[in-house]
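Each remark here refers to the structure printed beneath this line.
The values are calculated or read from the model by the stated rules, or taken from the named source; none is laboratory data. Since the model is a prediction, treat every value here as computed from it, not as a measurement. No Cβ is skipped: glycine too gets one built from the backbone with ideal geometry, and neighbour counts run over all protein chains shown.
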Amino acid sequence: MKTAKRDFLKLSDLRADEIVTVLDHAKAMKNQRLTGGRRTPLAGRSVALIFEKPSTRTRVSFEVGVYELGGHPVVLSSRDMQLGRGESVEDTARTLSGYVHAIVIRTFGQERVEALARWAKVPVVNALTDEHHPCQILADLMTVREARGRFEGLRYAWVGDGNNVARSWVEAAGLFNLPLTLASPEGYELPASELPAGVKTVRDPREAVEGADVVITDVWASMGQEDEAERRRRAFEGYLIDPALMARTSRDAVVLHCLPAHRGEEIDAVYLDGPDAVVWNEAENRLHTQKALLEHLVR
């Protein structure tokens with residue numbers, strides 16, 4: 001009997017135990033890659049990779065990942081598709097479902113990926129929307145586990161905009177009961193209605209990072225917010241992750257950034273270029289977690 005298709009539109013589309021399974025498999029695949037081993041569970045299958053937003057890490061990690069799983073990545077931008085000329089998401093979903101075995105999309109509003117999933121007969125993966133970035137959190141959790149031996153039982157702090165990555169971290173906190181404090185300026189915080197028990201928002205970054213084991217940040221002006229950049233720089237003054245702020249954290253605290261980064265703006269260069277930087281391992285882990293995710297979803 002054929003099982004119902006699974007989508008990954010936000011982090012909570014997987015149960016906590018399923019996320020742990022994906023992370024365990026991602027680690028095994030990472031080790032296997034280092035030793036030259038290779039499994040090809042997607043042999044003879046194709047995956048459509050739709051990019052309505054520019055991308056470096058997401059595009060390369062998914063394209064390489066599908067290839068390493070033995071599948072064929074079909075990379076599409078809006079310029080390549082009738083979707084960019086007015087064809088509906090619904091019709092695109094139904095058409096692609098006849099060609100490929102999964103669809104990965106990086107787009108704008110969450111409603112687009114939800115519509116795609118509603119009409120597609122194959123699994124749909126959210127590679128980023130304005131509201132959620134669940135694939136990034138899989139890589140982040142894997143990175144924390146590698147750096148600290150576990151990701152549960154640690155204290156987390158988010159410093160910066162209440163954006164899509166922050167929202168997906170809030171979901172992670174809810175799924176795994178992670179203590180998480182978000183520091184955002186007034187007007188840039190996530191709504192209190194979205195915060196589960198154990199998650200709170202404060203104004204002062206120093207309060208947020210006090211005793212934290214993991215500190216996470218992102219750019220202050222995301223893609224599409226370039227015209228707000230100067231206003232946001234003023235609003236986020238004092239939200240720089242630097243040694244003075246990190247002095248308040250726990251010993252061996254980990255700093256995460258999904259990249260691209262602006263050195264000296266939201267993050268000091270030492271946490272990107274220093275010997276203890278984990279952001280490059282974090283970026284690499286996008287490949288391994290997404291491979292494990294695709295194998296989990298595509299049956």
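Annotations
- Of the candidates 255, 270, the single residue that is closer than 26 Å to residue 31 by Cβ and surrounded by 12 or more Cβ atoms within 10 Å (Cβ to Cβ) is 255.
- Residues of region 277-299 classified as in contact (Cβ under 8 Å) with a residue 60 or more places away in the chain and aromatic (Phe, Trp, Tyr), total: 0
- Search result, residues across region 246-270 that are within 19 Å of residue 183 (Cα to Cα) and assigned to a helix (DSSP H, G or I): 246
- Among all positions in region 103-117, there is no residue which is touching a Pro at 6+ places or on another chain (Cβ under 7 Å), buried (at least 21 other Cβ atoms within 10 Å of the Cβ), in contact (Cβ under 8 Å) with a residue 60 or more places away in the chain and within 27 Å of residue 292 (Cβ to Cβ).
- Candidates 252, 273: the one that is of a type in the set (Asp, Glu) and at positive phi is 252.
- Neighbours by Cβ (under 8 Å, 6+ apart or cross-chain): first from region 247-272, outside the structural domain of residue 160 (by TED's automatic domain parsing); second among the acidic types (Asp, Glu) and assigned to a loop (DSSP other than H, G, I, E, B): none
- Picking from residues in region 48-102 that are within 20 Å of the chain's Cα centre (by Cα) and surrounded by fewer than 13 Cβ atoms within 10 Å (Cβ to Cβ), the one that is modelled with the lowest pLDDT is 54.
- Test: residue in region 141-152 that is among the small types (Gly, Ala, Ser), surrounded by fewer than 23 Cβ atoms within 10 Å (Cβ to Cβ) and without any contact (Cβ under 8 Å) to a residue 12 or more places away in the chain: yes
- Listing of strands (runs of 3 or more DSSP E) fully contained in region 107-184 that carry 3 or more residues being outside the structural domain of residue 50 (by TED's automatic domain parsing): 156-159, 180-183
- From 74, 159, residue being in contact with a strand residue (DSSP E or B) (Cβ under 9 Å, 6 or more places away or on another chain) and in contact (Cβ under 8 Å) with a residue 60 or more places away in the chain: 159
- Of residues in region 192-209 being without any contact (Cβ under 8 Å) to a residue 24 or more places away in the chain and not in a strand (DSSP E or B), the one farthest from residue 235 (Cα to Cα): 197
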